[in-house]
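What follows is a single structure, written as structure tokens, with notes after it.
The values are calculated or read from the model by the stated rules, or taken from the named source; none is laboratory data. Only a predicted model underlies this, so the values are computations on that prediction, with no experimental measurement involved. Note: ideal-geometry Cβ built from the backbone for every residue, glycine included; neighbour counts use all protein chains shown.
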Amino acid sequence: MNTSLVAHKLGIWDPVNVTRNLKPFVDSDSRQEFYKFPLIFGVVNTAAEGTLKESDIAPKRRHFANYFVDLFNASKVFMGFAKIGHRENGEWTDFLSAIKSEDVDLSAEGISRTPERTNDFSFSYTIIRNTRNIYIEPAKSQKMRDIFLVPFDYRLILCVVVTGLILATAITLNNMVDSRFCSKDIQNRTKSFSESVVWCIGVFSQQGSIWKTRTNPEKIIVLISLMFTLLIYNSYSAFITSVLSVELSSIRSVKDLLESDYTIGYAKDSQDEDYLRSVNISELKQIYLRGYIQNDITNISEGLQKVIGGNYGLFASGEEARPELANLSNWKCKFDIDEIKIQYTQEYFGILMSKKSPYKRLINLRMCCKLHHYDS
């Protein structure tokens, strides 16, 4: 006995009214009452294949399925697939094969719309407009964050202090010698050691001094002090400039990433890998090849953890990577991660169905009604 057969009374035929009193027949494309019969949803990238328990499904996918189940008064069944699949020898594999053969009614998430898939499958109206990005941790360290303090090493400070004391001592000795052999006017200008130290501090801090040189030895000491001060400030400026120039040459594009020594990865058997495999863009092909050699991550969350560890670039969908990063940081923005947008990877995602699916017209109609409701 066919348990999926539903008796729907159209009314009673009589010789007088003939069929005028009969209810119109509702074809499968227009029906909105499924009488609790199941809609089979396909789920990609699952650990187990075949029929899945609802508790094993991510909340986002469950909410997606519940919307249509409640809308059509249906029940739901989830079928898991390890891979989304691809075209091989003219036939589709894995999840796409199940959709093609109508073993699965529709996808439980948005699937990327590509020309190759559009030829063999039906897509609903666009539900997501997405751009794929590169996620990296900026090449920073504590030293680079404290560039204004790093030059003040204890050895440098000790060198400056010792040099200042030597110059102050030289000035004091010079004044003592001058006071013995020179005129009383010069004797009256004799400076003590403490006054010489204050003078050195004024010169080193580029504040000047009211003391005027009278003899050649004094002029030589002043020149040495000024040259030493010039050397200190130029070295400090050169250090900061060199650090800032390194920061400016950080990774800002796909080209910069490919020229760096960063490891590149993407989630295995994901839509991101499928996208990289299918495009014919030189930069993305290089990302695919470099990631294929050392790719050992199974999901975006693992990839982001490697990014946080440093020296790693993750190619991933922005719609999936951003929520995962928020979950990893417990919604507190703990990690400093750069998102490099790749504008030419913009894609459109829709619900995937078979070309012969009886639900495509109905699902598109309900989506139009919902979009109209949001717009109003």
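Does residue 299 satisfy the condition of being in the same structural domain as residue 258 (by TED's automatic domain parsing), without any contact (Cβ under 8 Å) to a residue 60 or more places away in the chain and of a type outside the set (Gly, Ala, Ser)? Judged against the criteria, residue 299 is not a match. Could you please find all residues in region 308-347 being part of a loop (DSSP other than H, G, I, E, B) and aromatic (Phe, Trp, Tyr)? Across region 308-347, the qualifying residues are 331, 335. If you scan region 84-93, which residues turn out to be under 24 Å from residue 298 (Cα atoms) and surrounded by fewer than 18 Cβ atoms within 10 Å (Cβ to Cβ)? Result: 86, 87, 88, 93.
Summed over region 49-82, the residues that are surrounded by 12 or more Cβ atoms within 10 Å (Cβ to Cβ) and either touching a strand residue (DSSP E or B) at 6+ places or on another chain (Cβ under 7 Å) or farther than 25 Å from residue 319 by Cα (or both) give a count of 19. Restricting 276, 289 to residues that are outside any strand (DSSP E or B), in contact with a strand residue (DSSP E or B) (Cβ under 8 Å, 6 or more places away or on another chain) and not assigned by TED's automatic domain parsing to the domain that holds residue 47 narrows the list to 276. Among the conditions (1) touching a Phe, Trp or Tyr at 6+ places or on another chain (Cβ under 8 Å); (2) farther than 23 Å from residue 46 by Cα; (3) modelled with pLDDT under 85, the only one that residue 252 does not satisfy is (1).
When residue 211 is tested against (1) at pLDDT below 80; (2) crowded, with 17+ Cβ neighbours inside 10 Å; (3) part of a helix (DSSP H, G or I), just one condition goes unmet, and that condition is (3).
All conditions in (1) in contact with an Asp or Glu (Cβ under 8 Å, 6 or more places away or on another chain); (2) surrounded by fewer than 18 Cβ atoms within 10 Å (Cβ to Cβ) hold for residue 39, with the sole exception of (2). Do we find a residue being at pLDDT below 85, among the aliphatic types (A, V, I, L, M) and touching a Gly at 6+ places or on another chain (Cβ under 9 Å) anywhere in region 37-59? There is at least one residue in region 37-59 that is at pLDDT below 85, among the aliphatic types (A, V, I, L, M) and touching a Gly at 6+ places or on another chain (Cβ under 9 Å).
If you check 104, 162 for being among the aliphatic types (A, V, I, L, M) and modelled with pLDDT under 90, only one passes: 162. Filtering 56, 70, 94 for residues that are under 28 Å from the mean Cα position of the chain (by Cα) and among the charged types (D, E, K, R) leaves a single hit, 56. State yes or no: is residue 367 farther than 23 Å from residue 251 by Cβ, modelled with pLDDT under 85 and not in a loop (DSSP other than H, G, I, E, B)? Yes.
Within region 105-122, restricting attention to residues that are part of a strand (DSSP E or B) and under 28 Å from the mean Cα position of the chain (by Cα), the residue that is surrounded by the most Cβ atoms within 10 Å (Cβ to Cβ) is 111.
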